[in-house]
1. Determine which single condition ALA399 fails, assuming it passes every other condition in (1) open to solvent by 20 Å² or more (accessible area, probe 1.4 Å); (2) part of a loop (DSSP other than H, G, I, E, B); (3) farther than 20 Å from GLY168 by Cβ.
2. Can you tell me which residues in segment 60-78 are in a strand (DSSP E or B) and under 15 Å from the mean Cα position of the chain (by Cα)?
3. Among the residues of segment 231-250, is any of a type in the set (Ser, Thr, Tyr) and under 25 Å from the mean Cα position of the chain (by Cα)?
4. Kindly establish whether ARG12 is open to solvent by 10 Å² or more (accessible area, probe 1.4 Å), within 20 Å of the chain's Cα centre (by Cα) and not β-branched (Val, Ile, Thr).
5. For residues in segment 379-417 being within 23 Å of the chain's Cα centre (by Cα) and of a type in the set (A, V, I, L, M, F, W, C), which is nearest to ALA27 (Cα to Cα)?
6. For segment 1-59, enumerate the residues that are of a type in the set (Lys, Arg) and not in a helix (DSSP H, G or I).
7. Take segment 349-370 and flag every residue that is in a loop (DSSP other than H, G, I, E, B) and either open to solvent by less than 20 Å² (accessible area, probe 1.4 Å) or modelled with pLDDT of 90 or more (or both).
8. For segment 405-425: of the residues being in contact with an Asp or Glu (Cβ under 7 Å, 6 or more places away or on another chain) and more than 19 Å from GLU339 (Cβ to Cβ), which is surrounded by the fewest Cβ atoms within 10 Å (Cβ to Cβ)?
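The values are calculated or read from the model by the stated rules, or taken from the named source; none is laboratory data. Computed from a prediction, not measured in an experiment: that's the story for all the values here. Neighbour counts are summed over all protein chains in view; Cβ atoms, including those assigned to glycine, are modelled from backbone coordinates with ideal geometry. Calculation scope for accessible area: heavy atoms of the full protein, side chains included, ligands and nucleic acids excluded. Shrake-Rupley method; radii C 1.70, N 1.55, O 1.52, S 1.80 Å.
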Amino acid sequence: MENEDTLTSTRRRETALACVRAGIDAARPDRVVDESVRLDGDRLHVAGTEYDLSDVDRIVAVGGGKAADGVADALERVLGDRIDAGAVVTPDPGEGERIERLHGDHPVPSQDGVDGTDRIRELVAEADERTLVLAIITGGGSALLPAPAEGITLDDLQRTTDALLDAGAEIGDLNAVRKHLSTLKGGGLAELAAPATVVSLVFSDVVGNDLSVIASGPTAPDESTYDDALDALERYGVDPPTAVRKRLEAGAAGDLPETPRPGDEVFDRVTNHILADGFTALDAAREVAQERDYDTSILSSSVRGEAREAALTHVAVAEEIEATGNPIEAPAVVLSGGEATATVRGDGVGGPNAEFALAAAVELPDSSTLACVDTDGRDGSSDFAGAVVDGDTVDDVRAARQALGNSDAYGYLGSRDAIVSTGATGTNVNDLRVLVVE
């Protein structure tokens, strides 16, 4: 943490941030891949599954997302010169020996992302039945791997993505739209790679680990439809560019092919392995709390919905622990993960973790501290990971509520030594929240 010295003013805060740190570290690609992937002669072991490389002529590693650079580094250490070629698109690319590192932007796709995705398509298009494609699929891949479908421009994708994000669209709805405006999403990468063997290494940032939703499911069957995409636009009140609506309506009318469905032969040689997810972080955070002699409970790894509403449930849990000792006795640490959303209502930065923290702080008992972060280090479109608040963080309830109404939680929390800044963490398994009750 870049500003830890200003945050650890109490034992509760120090415990909360120690849990946060442990959770993020547990989901870092180098640690996860080292524990999940190993090479033994011509035998590649991935999460307990063995792959025979004696019939493989080429190994190609491709993909994208916020953790893709770290995964690529780890794969190069494990496989070395067995990797023949590769490319990943990521927000902060490093330098690789065998796998190209290409820049892309998140959460709104950019031309850099389009160019990087074109390079991935070139590499995968050369694959045959004696090729092993290692597909690196991590959170953020939807925006970082844009491949506009015929008739759709990058500007169309950007405007549609922006509008859905501002409307607080949940990830499944957002990706249903993006899958039907792109060529690699919704099983498109698997379709392009066939008949190669595809082994996907997945870092999940999606509640429930739905493979079709993580990075918009480039190697997974897709059950969403053009109708679903149109429905999402309608429910969130988004009026898309003309080309977007025209394509989605043509698909809904049966004039365009749907994305590959379950049972499609393009998935016959595809295996997806989820190497890390939100529970990876929660489990590590729980272990740290237990080592510090706190009673612990994982409330849920699937908290979602509007952040300011979900925050009240956490306040209620803190109040119940204080009043009755349920569901666990204090001193206690209650953990949760998932993906909250924040509908932008004003001209502030927004950020679901900051909104979660501030909404909770308005009513949080004096005995409690709550830390809320996005494990990738960027909360929404902000440059911060999240915030840590106590029962006395809010000294002006009216001002706090005004900040929430203007989507400016960071503006309120900034002067109260409450903002958590980590910089890019190199991983992404979504939100992590730590509630400490003394």
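1. (2)
2. GLY63, GLY64
3. yes
4. Working: open to solvent by 10 Å² or more (accessible area, probe 1.4 Å): yes; within 20 Å of the chain's Cα centre (by Cα): no; not β-branched (Val, Ile, Thr): yes.
Spelling it out, it is not the case that ARG12 is open to solvent by 10 Å² or more (accessible area, probe 1.4 Å), within 20 Å of the chain's Cα centre (by Cα) and not β-branched (Val, Ile, Thr).
5. ALA385
6. Matches in segment 1-59: ARG28, ARG38, ARG43, ARG58.
7. Taking segment 349-370 first, the residues in a loop (DSSP other than H, G, I, E, B) are 349-351, 362-367.
Correct list: GLY350, GLY351, VAL362, GLU363, LEU364, PRO365, ASP366, SER367.
8. Checking each candidate, the answer is GLY423.
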